[in-house]
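Okay, so here's the structure we're looking at.
The values are calculated or read from the model by the stated rules, or taken from the named source; none is laboratory data. Bear in mind the structure is a predicted one, so any value in this text is a computation, not a measurement. Cβ: placed from backbone, ideal geometry, glycine included. Neighbour counts: every protein chain shown. These accessible areas exclude ligands, DNA and RNA; they are computed on the full protein's heavy atoms, side chains included. Shrake-Rupley method; radii C 1.70, N 1.55, O 1.52, S 1.80 Å.
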Amino acid sequence: MTLKIKYPVLAVVSALAVSLASCDVVFDDLEPCRTGAEMRFIFEFNLENSNSFHSNVDCLSVYIYDSDGKYVTSLKETSERLADENWRLPVELPEGNYKAVAYGGMECDAASFSPVVQPGEGSAHGSLQVRLKQEHVGKRLHDHYHGAVDFTVKNDGDNEFDRVTVSMTRTTNHFRILMQNLSGEPLSGEDFDFYITEDNSLLDNCNTPVVTGTPTVYTPWDKGVVEERLGKGRADDDVPVIKMGYAELSTSRIYIPDKPVIRIDDHETGRNIATLPLTYYLAASQSSASSWSDQEYIDRGRDWVMTFFLQEDGTWFNSYIMVNGWTVRINELDM
């Protein structure tokens, strides 16, 4: 007697389909599954706590290193795709652990920073540094961003890239310095010389300023007169108008340990009006409701407005200044 066994054909076909779809099974006529990362970039490290990467960053550089800190590859993006919130940067990589360092604003024609040595074969993660272009000092700096992340690429057999988020911080700062006379006498920014001094033109791969021993002296890229009308909304012609002097300056990262200084001199006589520790005044303008450290608050900021008040004799009224609309009283600061 012969025993006939009937195999379930459907089950066999289904098992075969699963095996063909798996990346753990290799066939000569099938391409191997791809592995790598799909990188998303965000910029939430600001005073608003909102992601504005796609409205701020206009060019992107990404350098990737392996777990030993050896250079693997680099990627660049300068197209309008950066403005698309759904855009992601794919990079094919073998299974393993990696480090990525990203820069925003460095691949643009107007870039104010550039690598000291362009990363490439044989370069190391620890040697990555960028430098402020000296010809841009005294100009409005093109906004510069930095981000870094460690990530892992896994071979899960699903032919999908691992998702990685890179959080960016802004390096550049812009200052608007206002000079107002308490007597109401008109002032012009041309009446003064303005300087911000800090040794912060060279940045390491963590975006920390490297001490060079040669501080950078930032000077204004614009000076002039701004009018402020008191009692806005009134139609009569007797509304007082205050004419204040202003200056606009841009700097690299303001870093507390570097002890940056802001200095204002009388242009005609050279007499010093004020020389102040910049970070004390920026940090003191933080709202008491915030929980950020002083350095984080300064790093989150970008546009700073500082108002100095002069007395009738042209000397600084050194009881307080205003930073971003907040009154900072000097006798409340630990100098």
Work out from phi, with θ = phi - 60° and the Karplus expression 6.51 cos²θ - 1.76 cosθ + 1.60, the ³J(HN,Hα) of each residue of region 283-297, listed in order in whole Hz, and give x for Gly and Pro.
-> 5, 6, 7, 6, 5, 5, 7, 7, 10, 6, 5, 4, 5, 5, 4
Equivalent ellipsoid semi-axes, region 36-191, via Cα gyration tensor eigenvalues times 5, rooted, Å = 37, 18, 12
For the chain, the accessible surface attributable to carbon and sulfur atoms (probe 1.4 angstrom, ligands and nucleic acids excluded) amounts in percent to 48 percent
Per-pair calculated FRET efficiency, R0 = 41 Å: His54 and Arg271 via Cβ, rounded to 0.05 = 0.30
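Nearest 500 deg cm²/dmol is fine: what mean residue ellipticity at 222 nm does the chain get from its DSSP H runs of n ≥ 4 alone, each adding -39,500 (n - 2.57), divided by its residue count?
On the way: 4 runs with 31 residues, N = 335.
Value at 222 nm, helices only: -2500 deg cm²/dmol.
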Expressed per residue, the solvent accessible area of region 76-228 in Å² (1.4 Å probe) is about 48 Å²
Run a plain Debye calculation on region 164-229 (Cα atoms as equal point scatterers, no solvent) and give log10 I(q)/I(0) at q = 0.15, 0.17, 0.24 Å⁻¹, rounded to two decimals, same order as the q list.
-> -0.69, -0.78, -1.10
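I want the local charge near Trp221. Using Cβ-Cβ distances under 13 Å, sum +1 for each Lys or Arg and -1 for each Asp or Glu among the other residues. All intermediate terms of the calculation are to be shown ahead of the outcome.
Details: positive: Lys139, Arg140, Arg176, Lys223; negative: Glu135, Asp222, Glu248.
In short, +1.
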Which of Lys139/Lys243; Lys76/Lys223; Lys70/Lys259; Lys70/Lys133 have a Cα-Cα distance over 32 Å?
-> Lys76/Lys223; Lys70/Lys259
Rank these by accessible area, largest first, 1.4 Å probe: Asp313, Asp193.
-> Asp313, Asp193
So, over other residues within a Cβ distance under 9 Å of Gly189, counting Lys, Arg +1 and Asp, Glu -1, the net charge is -3
For Thr78, what charge total do you get from the other residues with a beta carbon under 12 Å from its beta carbon, if Lys and Arg give +1 and Asp and Glu give -1?
-> -3
Protein chains only, probe 1.4 Å: how do Thr251, Thr219, Thr35, Thr214 rank by accessible area, largest first?
-> Thr214, Thr219, Thr35, Thr251
Using the alpha-carbon atoms, what tilt in degrees (0 to 90, nearest 10) does helix 9-21 show relative to the longest principal axis of the chain?
-> 40 degrees
In Å³ per residue, the alpha-carbon convex hull of the chain encloses 232 Å³
